[in-house]
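Peer 1: Take this structure, written in structure tokens, and hold onto it; I'll ask about it next.
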Amino acid sequence: MRRMIPLLAALLALVLAVPVIGGAEGDVCVLRAGVDSDVSTAASYIRVTCSLEEESDVSLSVYCAGRLAYQRMWTGQRGEFVSEDVYLPLQGGSTVYEVLLDVRGRTWRLTVTRTQPRLENNIATSCGYPLSWLNGQNTWNAVTFVNLRDAAIAPFTVPLQTGGYYSLGQVSFRVRGGRLFAEIALDPAIGAVVSSGTLAAAFTPEEIGSLGTRGFTGASGSPEEGIAVDGQSCAAVLLTLRVSFDPGAARVISDTRLDGQEELWLLMFSGGEPDANG
């Protein structure tokens with residue numbers, strides 16, 4: 001009967017939900033039984049270790065929301081025990097797992113919270129109007145139609161988004177001294193870092209159609225230096241930032257479109273002038 005235990009344990013590991021595949025270096029969180037108790041990690045895999053004072057059978061179980069997700073037994077272990085790498089699927093922003101290591105009737109319990117890894121160098125744009133509807137490309141980026149006359153009186157503030165999913169903060173478009181600027185206010189909770197940024201403005205239907213392409217024919221600059229808009233009443237603005245941030249702390253948005261944007265686009269397309277209030 002004792003010879004059957006390793007076979008039964010191996011079969012059990014195959015049928016349970018969590019795959020057992022070795023994790024790449026840097027993507028494994030090593031847990032020490034009796035030392036670690038509550039761990040948060042962005043790694044995809046865990047590896048459990050413990051010191052055995054005498055030859056022992058070791059059982060490792062992983063639960064998610066009260067349901068068994070992984071289990072395996074090792075027999076005749078001695079010295080330093082090291083489990084295989086166990087994959088912890090991420091569901092939503094974070095997923096909590098309970099890890100139990102049993103040695104000779106003694107059980108160590110560890111809570112592991114699997115979180116999303118930090119996202120690096122993602123393209124972020126201001127909300128407003130889908131860029132794909134203007135240039136036909138497959139993209140989550142958006143442009144913002146700005147009434148420049150209103151922006152000279154008070155800033156026009158809109159959400160900053162990436163991937164059509166995460167809100168990263170806000171962008172305020174403001175006209176000063178005949179130039180359009182983009183003032184960025186990042187959500188402090190997400191630990192965001194902007195590595196680069198460009199600002200492009202289109203004033204005609206032809207320029208709008210080339211926004212976001214290599215053939216763009218409108219004006220461009222940086223958010224800080226701004227773009228000359230003297231004599232213009234409305235602009236389609238594409239703010240493009242490279243942002244790294246913590247997605248687990250970011251607010252999720254349902255839509256990148258804003259009210260009133262389509263009306264401004266149709267007005268620019270027809271060559272009309274916006275009212276004083278947009």
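The values are calculated or read from the model by the stated rules, or taken from the named source; none is laboratory data. Computed from a predicted model, the values in this text were never measured in an experiment. A quick note on method: Cβ atoms are made from the backbone with ideal geometry, for glycine too, and the neighbour counts reach across all protein chains shown. Ligands, DNA and RNA are excluded from the accessible area calculation, which covers all protein heavy atoms including side chains. Shrake-Rupley method; radii C 1.70, N 1.55, O 1.52, S 1.80 Å.
Peer 1: Can you list the strands (runs of 3 or more DSSP E) lying wholly within the range 165-223 that have 3 or more residues being farther than 18 Å from PHE145 by Cβ?
Peer 2: 166-176, 179-186, 193-202
Peer 1: Oh, and also: Determine if the range 129-138 includes at least one residue that is closer than 25 Å to ASP246 by Cβ and either open to solvent by less than 50 Å² (accessible area, probe 1.4 Å) or β-branched (Val, Ile, Thr) (or both).
Peer 2: We begin by selecting, within the range 129-138, every residue closer than 25 Å to ASP246 by Cβ; these are none.
No, there is no match, as no residue in the range 129-138 is closer than 25 Å to ASP246 by Cβ and either open to solvent by less than 50 Å² (accessible area, probe 1.4 Å) or β-branched (Val, Ile, Thr) (or both).
Peer 1: Which strands (runs of 3 or more DSSP E) sit wholly inside the range 69-155 and have at least 3 residues that are under 18 Å from the mean Cα position of the chain (by Cα) and polar (S, T, N, Q)?
Peer 2: Here the list reads 119-126.
Peer 1: Hey, can you tell me all the residues within the range 241-263 that are part of a loop (DSSP other than H, G, I, E, B), polar (S, T, N, Q) and touching a residue at least 60 places away in the same chain (Cβ under 8 Å)?
Peer 2: THR256
Peer 1: If you don't mind, another one. Of all residues in the range 75-86, which are among the hydrophobic types (A, V, I, L, M, F, W, C) and open to solvent by 30 Å² or more (accessible area, probe 1.4 Å)?
Peer 2: As a first pass, look at the range 75-86 and keep what is among the hydrophobic types (A, V, I, L, M, F, W, C): 81-82, 86.
Across the range 75-86, the qualifying residue is only VAL82.
Peer 1: Let me ask another. Starting from the range 159-185, keep only residues that are on the phi > 0 side of the Ramachandran plot, then list their pairs with residues that are of a type in the set (Phe, Trp, Tyr) whose Cβ atoms are within a distance under 6 Å, requiring at least 6 positions of separation or different chains.
Peer 2: Short answer, once both residue conditions are applied: GLY163/TRP140; GLY164/TRP140.
Okay, residues lined up against (1) among the charged types (D, E, K, R); (2) surrounded by fewer than 13 Cβ atoms within 10 Å (Cβ to Cβ); (3) under 23 Å from ILE153 (Cβ atoms):
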| position | (1), (2), (3) |
| --- | --- |
| ALA202 | no, no, yes |
| GLY215 | no, yes, no |
| ALA219 | no, no, yes |
| SER222 | no, no, no |
| GLN232 | no, no, yes |
| LEU239 | no, no, yes |
| ALA249 | no, no, no |
| MET268 | no, no, yes |
| ASP275 | yes, yes, yes |
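Peer 1: Would you be able to say whether some residue in the range 50-68 is of a type in the set (Val, Ile, Thr) and crowded, with 16+ Cβ neighbours inside 10 Å?
Peer 2: Yes; the residues of the range 50-68 include at least one that is of a type in the set (Val, Ile, Thr) and crowded, with 16+ Cβ neighbours inside 10 Å.
Peer 1: Collect the residues in the range 87-101 that are open to solvent by less than 50 Å² (accessible area, probe 1.4 Å) and not hydrophobic (A, V, I, L, M, F, W, C), keeping them in residue-number order.
Peer 2: PRO89, GLY93, THR95, TYR97
Peer 1: What tally of residues in the range 256-276 results from selecting those that are among the β-branched types (Val, Ile, Thr) and at positive phi?
Peer 2: Residues flagged as among the β-branched types (Val, Ile, Thr) and at positive phi within the range 256-276 amount to 0.
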